[in-house]
Structure formats: structure tokens, C-alpha cells
Amino acid sequence: MNLAPRRPAPAVPLLVPLAAALSVVLALAGCTAQDGGSDTAEVATGLPAPDTAPDGAPAADAARAEALGDEVFVPPYPEPYPEPGPTDPGGEEYDDSPESPFLDVATSPLSTFSSDVDTASYSNLRRQVNQGVAPEGVRIEELVNYFDYDYDAPAAGAEHPFSVTTEVARAPWNPEHQLAMVGVQATQALPTSEGNNIVFLLDVSGSMDEPNKLPLLAESFALLVEQLDERDRVSIVTYAGDNRVVADSVPGSEHGVLVDHLRSLRAGGSTGGAAGLTTAYELAEKNFVEGGNNRVILATDGDFNVGPSTPHELTTLVEAERASGVYVSVLGFGMYNLKDSMMEAIADHGNGNYAYIDTLAEARKVLVDEFGSTMFVVAQDLKLQVELNPAAVGSYRLIGYDNRRLADEDFDDDTKDAGDVGAGHSVTAFYELVPAGSDGGAGATKATSDDFMTVHVRYKSPDGGPSAASTEVAFPVGAAAYTTTPSADFAFASAVAELGLIATGSEYRAEANLDGARTRAAGALGADPYGLRAEFVDLVDAYREMG
């Protein structure tokens, strides 16, 4: 079953002829992957016709695309993915931050965390479930934040570049508790019209010599190139055992030149990512656009093995460079040797975001449909501090954000880095609440007349530079936020969170179950213009079939 998203992209044609897709793979897919050498050998690799793929995946995708009014894209590599073989590289690596426990409001009334707009965990979970593999590296907030919600955006000319929406209802997996949803919606307005200065930093080492790595990478960046024009400048740096500048400040309107560079890439050699990062930053700073968007986009499986290669060494490098105003975003590719923890750390410390690309449709979502939110920061170092009211809440816990929690004193510390939010991004967080004085009976779900909490948001304007002072905004969450008829957004997002509780084996999952999550999600599809919510329902079905 292929659960990759199918989204209409207004800026580029969606229909890629099968012959063209095959020719790309024939040109790109076959390269030897011997560590330590830079020579490559090209091997022509045939692909099965779409109607021979297992489980009828292309037919299912075509039916869904037709229902959505979308044209069918045929992936330029076979799906589902092959099973791992004896020659596959060593294992995947994920961060294992402990989940947040319930805290007593009387002693811990503040909950502080950094915003997170990464979505890699959801597409990686989808890839693992497609393979029939028990999910690893599940970050619940990234599952929830993968989807769009119908939050009210700030009005034109609003004082702050975001709005906050809150809702409280009965917790689906524990009827004795309440669930509070906090949604931050960023403005769609782009902060600059000065153009993009982008450096593509592309891993062409031997570990990228797989059809779902370098060939997919090349076609993904080709989609991004189509969004650019004469105001933009693109540089391309590749790295393996050493690094090479393939293009330096090419006008974004030179689509053919840039795509030719991308499709000529070949894989081979070891992985010196730190040297590549240094070269990419040097190019970005040399071509810096004052008032524009200056960004390195790193595409890799994260398997660095030459030079500085630990998360600490690499995050120290990107932290030193971010003061220049050049940020780094990360796109992860591949499987079996995916270093998820490394890539997440680089993006977090480099003022960027992290997405995992498992299909070209996902690349279209990140690099075309969400181009503004991926590329343009509207609120920098956005932190949230939720102040719980002991008159209404006895204890609480933040669901997810396990490696984004901050000390309470960090909220007011402008030197403390936090997540950046792009144009159109939304950030959603759930708090599970135990009502004050609750005895676990039916009265536990009734709101009191007191505020549940106050949501404090602190952020910096992106045009103020790294030393800019932050601004704080407060949003009370009163008794009126409680409802016995939750919105479709609440119902759907809570179903996604419930799947996350199950997939992580959360100690606090209580009565969480796949049937309940599926029923709630299926009843809250809404307009679903891109079919992503419907595909989540399919994902729950696929996860359930894994047993």
C-alpha cells in the first residue's frame, strides 16, 4: 500500500510521463557505492511497469488522484521499498528523549518549550509502516504538525505575525481527563521580496547510491528550481570524500542549467559532511542578499563518516554560522542507515526545519506547496510558556516536544535559541489535564469558571538580527474554551496524537486504541483538498494490519 500524499501543485505541472521518469532513473540510479573512493560506475537499471507493482499501489493512487482532480505521478523508483539485504549499511539512529510526565500545578505551574515545525517524523513513520517495520523515532508533535488546520490567521497589518487558537475537551483516551489544544498560526505574508540566495548542499557519497536517495534527491530539487525566478540565486555544492562547487550564484530563472546539474550527479565515496557545510556557508555568505532569504538546504541520509561527524561537532558548526543570517534546512532521504537524530539536530541548531522525503509527492508538499513556510521565516526563536491555573487544573503533561522542552527561565532569555516559524506554518500542542479536585468521576470533564491556563508566546522579528529583543504576547484560555462538541480539527489532530501515543508505547496512553483513532479521524476529514487526512486513515489501517 502506498500512503504517500498526492497534492495538487499550482506552480508546476504534476503529470510526469512514465518514459521521462524511467529515463531519469536509468541515468541516475546505477552507481557503485564503495566507501573511500571517488570513482563511480554507471549501471542501467530497469523498472517494472506500474501495473506490476505489488498490492495494486499505482491503481489505488490513480483512483485517489482522480477523485481529487489530480493527475497521476508515477514515482521514478519502484514501490514498495525492497527489503533490507545483507549488504545494507548499518542501522538507523534516533533521539530517545524521555516523554514528559504528569506534573503538579501547585509545584510546577509553568510549562516551557520551543516551537517545532519539523514534519520528518510523520513521513518517516509512513515509510516504516509501508515497509511493515515497527516505527522508530516517532515524535508526536511532528505527526500532529504535518497536517494543516483551519486556524484563523492574523489579519492583514496585525501587530504580531501569528494568532493563537485554543480548545479544551474530554481526552479521548482517558475520559477522566481533559485535553487542551493550543494552535499557533503564522501569517501567510512573506517577510521579503528581495529574492532567495540558496545553496543546495547535496550528499553524493556512496551511501546515497540507492534509487530512493540520489535520484529522488535530484528530482526533488528540480521541483524546487521550478519555483525560482530571475531575482533568485542558486549555488550547488556536493560532498563525498571531498566537496565540490558545481554552481555558483546561477540565476533562479536558469531552470534548464540547474536541472542539468542535478541530473548529472553520481554517487560514490565517503561522507565528509562538515567540510561540505563549511563550503556551503562560505558561498551563501559570499552571495548574501541583504533583506532576502539566505539559506543552505542540506540533503542527505545523515551518515557522516569523515571529519567532524558527531551531533555536537556539527551543531557547534551551524550555531557559529547562524549569526551570519544564513540558516540551514535539512531534507532526509533513504532508509536503513538514516541518521535522523543527526539531521534533526543540524536543522534545530541552524534555525531551519527538517523534513523527510520518502516520495516525490512528499518533495512536492515540502518544496512546492509549502515553499513559503519552508523558506521564509516570519517569527524567529518562537517559544511558548503555558501557565496552568491551579484552581482549574490539578496536574498536566505536555504531549510530545520531548526534545524541545526548555527551562522556565529560558523563556525570558533572548540568547536561548528556539524554533523559527515560516510563512503559513502552524504549530499545534496538546496538554492532557487532570481537573483540580478530580476524583475520577463524571464531574472530571466539567470546566470551572476559572481560566484553564494562559499561553505566553515570545518571538523575535526576523529582520532584527540575532541580537534583536523579543516580544511577548499572552493569550488567556478561559472556561469558554471547553466544549462537548470538539471541532473537526481537534478531533483529527487528537486522533493523530493518539496514534503517536500507541506507536511510542507511551506510559500514559491509557485507553488509546487504533479503532478509536481511526473512527475519529475518518469522521473529521473536512474538505481535505490534498487527501492527506484520508491517507492518515489508510495509515492507521496499515499500522493495524502489522499486528
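Residue count for the range 262-298 satisfying the condition of being assigned to a loop (DSSP other than H, G, I, E, B), of a type in the set (K, R) and surrounded by fewer than 18 Cβ atoms within 10 Å (Cβ to Cβ): 0.
Scanning the range 525-547 for residues that are outside any helix (DSSP H, G or I), out of contact with any Pro (no Cβ under 9 Å at 6 or more places or on another chain) and within 23 Å of G183 (Cβ to Cβ) yields L525, G526, A527, D528. Can you spot a residue in the range 329-337 that is open to solvent by 10 Å² or more (accessible area, probe 1.4 Å), within 17 Å of Y281 (Cα to Cα) and either modelled with pLDDT under 90 or assigned to a strand (DSSP E or B) (or both)? The answer is no, given that none of the residues of the range 329-337 is open to solvent by 10 Å² or more (accessible area, probe 1.4 Å), within 17 Å of Y281 (Cα to Cα) and either modelled with pLDDT under 90 or assigned to a strand (DSSP E or B) (or both).
Looking across E141, E92, E176, E99, one residue alone is open to solvent by 30 Å² or more (accessible area, probe 1.4 Å), at pLDDT 95 or above, under 23 Å from the mean Cα position of the chain (by Cα) and farther than 23 Å from A527 by Cβ. It is E99. D463 fulfils the conditions (1) touching a residue at least 24 places away in the same chain (Cβ under 8 Å); (2) farther than 15 Å from P172 by Cβ; (3) in a loop (DSSP other than H, G, I, E, B) except for a single criterion, (3).
Across the range 109-138, the qualifying residues are those that are in a loop (DSSP other than H, G, I, E, B) and among the β-branched types (V, I, T), and the one among them that is surrounded by the fewest Cβ atoms within 10 Å (Cβ to Cβ) is V133.
Restricting L382, L367 to residues that are within 17 Å of the chain's Cα centre (by Cα), part of a strand (DSSP E or B) and buried (at least 23 other Cβ atoms within 10 Å of the Cβ) narrows the list to L382. For the range 502-524, a residue qualifies if it is part of a loop (DSSP other than H, G, I, E, B) and either open to solvent by 60 Å² or more (accessible area, probe 1.4 Å) or touching a residue at least 24 places away in the same chain (Cβ under 8 Å) (or both), and the qualifying residues are T504, S506, E507, Y508, R509, A510, E511, A512, N513, G523, A524.
Being open to solvent by 10 Å² or more (accessible area, probe 1.4 Å) and over 28 Å from D340 (Cβ atoms) is not true of G195.
The values are calculated or read from the model by the stated rules, or taken from the named source; none is laboratory data. Everything numeric here is computed off the predicted structure, so don't read it as measured data. A quick note on method: Cβ atoms are made from the backbone with ideal geometry, for glycine too, and the neighbour counts reach across all protein chains shown. For accessibility, only protein heavy atoms count, side chains too; no ligands or nucleic acids. Shrake-Rupley method; radii C 1.70, N 1.55, O 1.52, S 1.80 Å.
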